[in-house]
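As structure tokens, the structure follows; a few thoughts come after it.
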Amino acid sequence: MNKEKLVYSIFGILAAVLLIGGGVLHVVLKDRTYSEVEKRGLTAFSDVKSAPLADGSFMNAAENYASDQFPARELLMKLRMNALYTLGKRSSEGVYYGQDGRMIEAFEPYDEALLKENAAALNAFYQEAGAERFYFMPVPTAVEMYPELLPASAETASESAWIEEFTKELEDGIEVLDVRPLFRVLKNAGHELYYYTDHHWTTEAARSAFLYFASDLGWKAGTYESGVVTDQFFGSLASKSGFTPTRYDSLTVYRNLDPDLVTLVAHPSTGVSGGSFYDLSKLETSNPYEVYLGGNEPIITVTTTADTERTLLVVKDSYANCFVPFLAGSYKRITIVDPRYYTGSLSALLTSAKSTDVLVLYNVSTLSTDRDLKTMVEIE
Amino acid sequence: MVFSSTVFLFFFLPACLLLYYVLPGKWTKNVVLLLFSLVFYAWGEPIYVILMILNILFNWVMGLFMEKIPGWRKFILIVTIVVDIGLLGFFKYYGFLVDVFNSVTGLSLTAHKLALPIGISFYTFQTLSYVIDLYRGKIRVQKNPLLFGLFVTMFPQLIAGPIVRYEVVENALTERTVSLEGLGKGMARFIFGLAKKVLLANLLGVVFESTGVQAGPVPVMGAWLGLIAFGLQLYFDFSGYSDMAIGLGKMFGFDFPENFDAPYGAHSVTDFWRRWHISLGSWFREYVYIPLGGNRVGIVRHILNIMIVWFLTGFWHGAAYNFILWGLYYGLLLIFEKYVLLKWKSMPKALGSVWTLLAVFLGWGLFLCDSMQEVGTVFMNLFGASGSGWISTNSVFNLLSGIVIVVIGALCAVPFAKKLREKIMTSGLVAVIPVCLVLLILSVAFVVTENYNPFLYFRF
């Protein structure tokens with residue numbers, strides 16, 4: 001047998017064995033139900049069996065099943081992402097892969113009309129609430145504070161421009177809490193304001209922001225001890241983009257050391273209440289960030305033994321989840337509302353949770369596209 | 001079903017190969033291949049598979065009639081051609097023709113938009129080649145419906161070519177060599193094609209799409225980046241698919257004709273069309289150009305013949321004005337070359353190559369669009385008439401993200417790359433195994449983890 005025939009015969013068998021082996025391995029290995037990396041449920045065989053043939057959905061389900069349950073899928077994803085990265089890919093699903101492996105979510109050009117509508121809604125909220133103090137804290141995201149870490153020539157819209165334009169529309173009685181000057185100082189001093197793999201601000205950044213405003217607003221700074229609850233967190237941006245993170249993030253929680261301050265945190269939607277703002281069981285789930293406040297729920301009510309008659313209504317997105325614990329010493333009652341999940345009206349809320357102070361805390365990226373806040377304000 | 005999918009690579013093909021190689025007897029092999037081919041087609045067209053089967057039976061029966069009733073041969077041929085083309089025209093061109101009729105007469109008839117059955121342009125041309133060649137006496141009638149069905153539906157070439165004329169596989173249907181060596185050679189060729197499609201074409205497609213050259217105003221740099229990326233994507237997509245088809249054919253003992261021959265190395269547009277989608281060009285030559293008289297007629301008639309063939313070629317690619325325009329564009333270029341440019345015998349090859357690349361890539365500007373409006377956008381962008389300037393930060397970002405794959409693509413598209421591949425496959429044998437394995441693993445990584453994987457030539 002000549003060399004060519006030999007080599008190709010061997011190769012033919014080898015390649016066939018690989019393909020056959022892949023199929024066999026696929027069938028033999030147990031199916032997984034959930035992908036930690038992609039943070040979604042994986043197609044199950046039952047999804048395939050039940051799909052109709054005539055419109056092609058059986059075929060689609062089968063293709064998804066074959067891909068989802070492929071052996072070593074995560075390893076292959078890593079291989080693919082590394083190959084793409086080598087070829088120069090620095091952006092995926094709206095997330096930039098910047099220097100030092102920092103993932104930064106792009107800020108898309110914002111809708112002017114929506115900006116004005118949201119500002120009007122906030123003004124209406126302010127009027128209706130009739131609170132003594134009404135605070136609005138728009139928090140910029142990493143793309144605003146670390147533009148130099150973006151990949152070369154990456155272009156995004158300006159969150160600062162959004163903040164300027166939005167706050168211009170607001171009534172004078174609304175106190176705008178602008179963290180940007182503080183963040184610039186902290187950044188230059190080398191503090192980590194944002195995570196490498198997640199779109200949230202770090203709890204340290206939240207604490208610094210709190211302390212920055214505390215004396216002016218009459219909030220008690222309090223004494224806290226901090227502890228790292230996980231140093232193997234990789235977050236929303238890693239999942240969304242598919243980029244392989246080069247480092248894990250750490251999640252930190254803060255415990256108030258004042259022996260006289262007792263806090264009760266009640267979650268009506270889950271029926272759970274306890275003494276802590278943190279739900280450590282969430283660290284084992286696919287979304288460890290939910291350790292803060294247990295995640296996003298329609299309403300959470302906090303009652304404390306703080307020596308004050310002041311009460312607070314917080315209307316927020318997930319950025320407030322790591323911020324609220326610092327307010328425990330300053331308010332007798334805090335009602336935390338997430339308009340994305342709360343389906344009631346603002347009026348009903350202001351009746352059941354009438355408060356002396358109101359804090360509206362959002363990150364700019366989310367608020368620039370949000371419609372739930374104004375829906376809540378507009379419902380009769 | 002597509003070749004670059006998990007189901008095909010790890011379930012369909014292994015099962016087919018196992019049964020094909022293990023079960024004895026050449027009839028079993030043919031039955032296995034036919035059944036798998038029907039499943040392959042039905043996977044993508046669970047309803048229209050019946051249309052294809054009826055079409056096949058019709059053409060097979062008409063072939064028998066032609067044999068049995070020689071006096072009626074011409075009539076039978078005409079009926080068959082009318083029915084076959086009529087079916088193709090109905091599914092593919094009905095909507096377009098109604099639109100044209102409306103715009104000419106001012107009426108507004110509605111056209112029900114029918115989904116185009118996958119591969120109909122390819123399998124129709126194959127059945128036509130059978131009846132026409134049967135009429136001409138170039139081939140013998142195929143009395144066995146299973147063999148005829150196999151000729152049409154063989155899954156390696158069913159969906160997207162090469163257009164395999166009946167005379168090419170006539171003998172192989174019953175007499176062919178099936179060997180492990182053929183399996184290996186076929187696998188190697190298949191893997192090269194898979195890598196072209198999944199690693200080069202798909203990634204180039206991302207670069208093309210990121211520039212948005214046909215969607216709105218784009219700076220000149222971004223527009224040319226998009227055009228070049230598209231031209232490379234289309235080449236690797238289609239030639240990759242042809243490689244996979246030829247490789248698969250080889251695994252089953254068939255020798256399909258080559259469909260691409262390093263087309264971007266052509267030194268004239270005439271030469272380009274001898275290297276790009278060769279099986280389509282030769283089909284039109286054989287069944288339209290030559291019957292019309294080819295070039296054995298006066299100049300005026302010759303020019304008319306060329307324009308007819310190229311009108312049809314463009315129209316075959318898509319039921320839209322921009323494809324017709326693309327075809328006519330080439331008709332004019334070929335006439336120009338035939339009667340003017342190529343008279344210059346000592347034209348430097350380099351000049352010819354530059355001329356060809358320019359002509360071909362500008363032609364892609366017509367081809368990549370979905371409408372004439374998009375054509376306008378593309379060309380305004382290419383020549384700086386859209387008011388977006390020469391360069392922008394965003395187009396620099398796209399360039400940085402895409403330049404590596406574009407350069408790799410360009411390097412793989414030159415004739416030298418093809419020679420290199422051939423060299424690896426014949427004399428550098430030791431390299432075959434590791435190179436193919438690496439390409440296979442990398443391709444599988446992309447196939448398994450990306451669920452959306454369009455093949456550009458599908459709806460033809």
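The values are calculated or read from the model by the stated rules, or taken from the named source; none is laboratory data. Just so it is clear, the structure is predicted and the values come from calculations on it, not from any experiment. All Cβ positions, glycine included, derive from the backbone under ideal geometry; neighbour counts span all protein chains shown. These accessible areas exclude ligands, DNA and RNA; they are computed on the full protein's heavy atoms, side chains included. Shrake-Rupley method; radii C 1.70, N 1.55, O 1.52, S 1.80 Å.
Results, tabulated for the structure shown:
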{"read-out": "A:Leu115 being in contact with a Phe, Trp or Tyr (Cβ under 7 Å, 6 or more places away or on another chain), more than 14 Å from chain B (Cβ to nearest Cβ), over 24 Å from A:Phe210 (Cα atoms) and among the hydrophobic types (A, V, I, L, M, F, W, C)", "value": "yes"}
{"read-out": "Qualifying residue in region B:143-156 (condition: closer than 26 Å to A:Leu14 by Cα, of a type in the set (D, E, K, R) and surrounded by fewer than 19 Cβ atoms within 10 Å (Cβ to Cβ))", "value": "no"}
{"read-out": "Unique residue being more than 14 Å from chain A (Cβ to nearest Cβ) and either in contact (Cβ under 8 Å) with a residue 60 or more places away in the chain or under 25 Å from the mean Cα position of the chain (by Cα) (or both) when the list is B:Ser353, B:Ser346, B:Ser392", "value": "B:Ser353"}
{"read-out": "Condition broken by B:Trp364, with the remaining ones in (1) open to solvent by less than 40 Å² (accessible area, probe 1.4 Å); (2) within 14 Å of chain A (Cβ to nearest Cβ); (3) at pLDDT 90 or above satisfied", "value": "(2)"}
{"read-out": "Selected residue (criterion: most open to solvent (accessible area, probe 1.4 Å)) from residues of region B:175-193 that are within 14 Å of chain A (Cβ to nearest Cβ) and not in a helix (DSSP H, G or I)", "value": "B:Thr177"}
{"read-out": "Residue ID - surrounded by the fewest Cβ atoms within 10 Å (Cβ to Cβ), chosen from residues in region B:240-268 that are out of contact with any Phe, Trp or Tyr (no Cβ under 7 Å at 6 or more places or on another chain) and either β-branched (Val, Ile, Thr) or at positive phi (or both)", "value": "B:Ala262"}
{"read-out": "Yes/no for A:Thr263 being open to solvent by 10 Å² or more (accessible area, probe 1.4 Å) and either farther than 21 Å from A:Tyr212 by Cβ or hydrophobic (A, V, I, L, M, F, W, C) (or both)", "value": "yes"}
{"read-out": "Some residue of region B:159-174 being surrounded by fewer than 18 Cβ atoms within 10 Å (Cβ to Cβ), assigned to a loop (DSSP other than H, G, I, E, B), among the hydroxyl-bearing types (Ser, Thr, Tyr) and touching a Ser or Thr at 6+ places or on another chain (Cβ under 9 Å)", "value": "no"}
{"read-out": "Residue match in region A:242-251 (condition: free of Cβ contacts under 8 Å to residues at least 60 places away in the same chain and more than 26 Å from A:Phe107 (Cα to Cα))", "value": "no"}
{"read-out": "All positions within region A:108-128 that are exposed (fewer than 15 other Cβ atoms within 10 Å of the Cβ), part of a helix (DSSP H, G or I) and acidic (Asp, Glu)", "value": "A:Glu112, A:Glu128"}
{"read-out": "Answer residue from region B:423-436, given it is within 8 Å of chain A (Cβ to nearest Cβ) and free of Cβ contacts under 8 Å to residues at least 60 places away in the same chain and is nearest to A:Arg80 (Cα to Cα) among those", "value": "B:Ile433"}
{"read-out": "Qualifying positions in region B:2-54 - surrounded by fewer than 18 Cβ atoms within 10 Å (Cβ to Cβ) and in contact with a Gly (Cβ under 7 Å, 6 or more places away or on another chain)", "value": "B:Pro46"}
{"read-out": "Residues (of a type in the set (D, E, K, R), more than 15 Å from B:Asn322 (Cβ to Cβ) and in a helix (DSSP H, G or I)) located in region B:90-114", "value": "B:Lys92"}
{"read-out": "Single residue of B:Leu33, B:Leu77, B:Leu57 found to be touching a residue at least 12 places away in the same chain (Cβ under 8 Å), touching a helix residue (DSSP H, G or I) at 6+ places or on another chain (Cβ under 8 Å) and closer than 13 Å to B:Leu134 by Cβ", "value": "B:Leu77"}
{"read-out": "Subset of region A:58-96 that is among the acidic types (Asp, Glu) and touching a residue at least 12 places away in the same chain (Cβ under 8 Å) - its residue that is farthest from the other protein chains (Cβ to nearest Cβ)", "value": "A:Glu93"}
{"read-out": "Residues of region B:426-444 classified as open to solvent by 30 Å² or more (accessible area, probe 1.4 Å) and in a helix (DSSP H, G or I), total", "value": "11"}
{"read-out": "Any hit, region A:292-315, residues being under 13 Å from the mean Cα position of the chain (by Cα) and either of a type in the set (D, E, K, R) or over 27 Å from A:Leu122 (Cα atoms) (or both)", "value": "no"}
{"read-out": "Output for region B:194-239, where each listed residue is open to solvent by less than 10 Å² (accessible area, probe 1.4 Å) and part of a loop (DSSP other than H, G, I, E, B)", "value": "B:Val213"}
{"read-out": "Condition check for A:Phe11: at pLDDT 90 or above, farther than 18 Å from B:Val448 by Cα and either surrounded by 13 or more Cβ atoms within 10 Å (Cβ to Cβ) or not charged (D, E, K, R) (or both)", "value": "yes"}
{"read-out": "Count - residues of region B:194-226 that are over 30 Å from B:Ser395 (Cβ atoms) and facing chain A (nearest Cβ under 8 Å)", "value": "0"}
{"read-out": "Flag if A:Asp47 is of a type outside the set (A, V, I, L, M, F, W, C), open to solvent by 80 Å² or more (accessible area, probe 1.4 Å) and either more than 7 Å from chain B (Cβ to nearest Cβ) or without any contact (Cβ under 8 Å) to a residue 12 or more places away in the chain (or both)", "value": "no"}
{"read-out": "Filter result for the condition that a residue is open to solvent by 30 Å² or more (accessible area, probe 1.4 Å), more than 20 Å from A:Ala205 (Cβ to Cβ) and either touching a residue at least 60 places away in the same chain (Cβ under 8 Å) or assigned to a helix (DSSP H, G or I) (or both), over A:Ala131, A:Ala154, A:Ala161", "value": "A:Ala161"}
{"read-out": "Scan of region A:200-258 for residues that are open to solvent by less than 60 Å² (accessible area, probe 1.4 Å) and of a type in the set (Val, Ile, Thr), ordered by number", "value": "A:Thr202, A:Thr203, A:Val229, A:Thr230, A:Thr244, A:Thr252, A:Val253"}
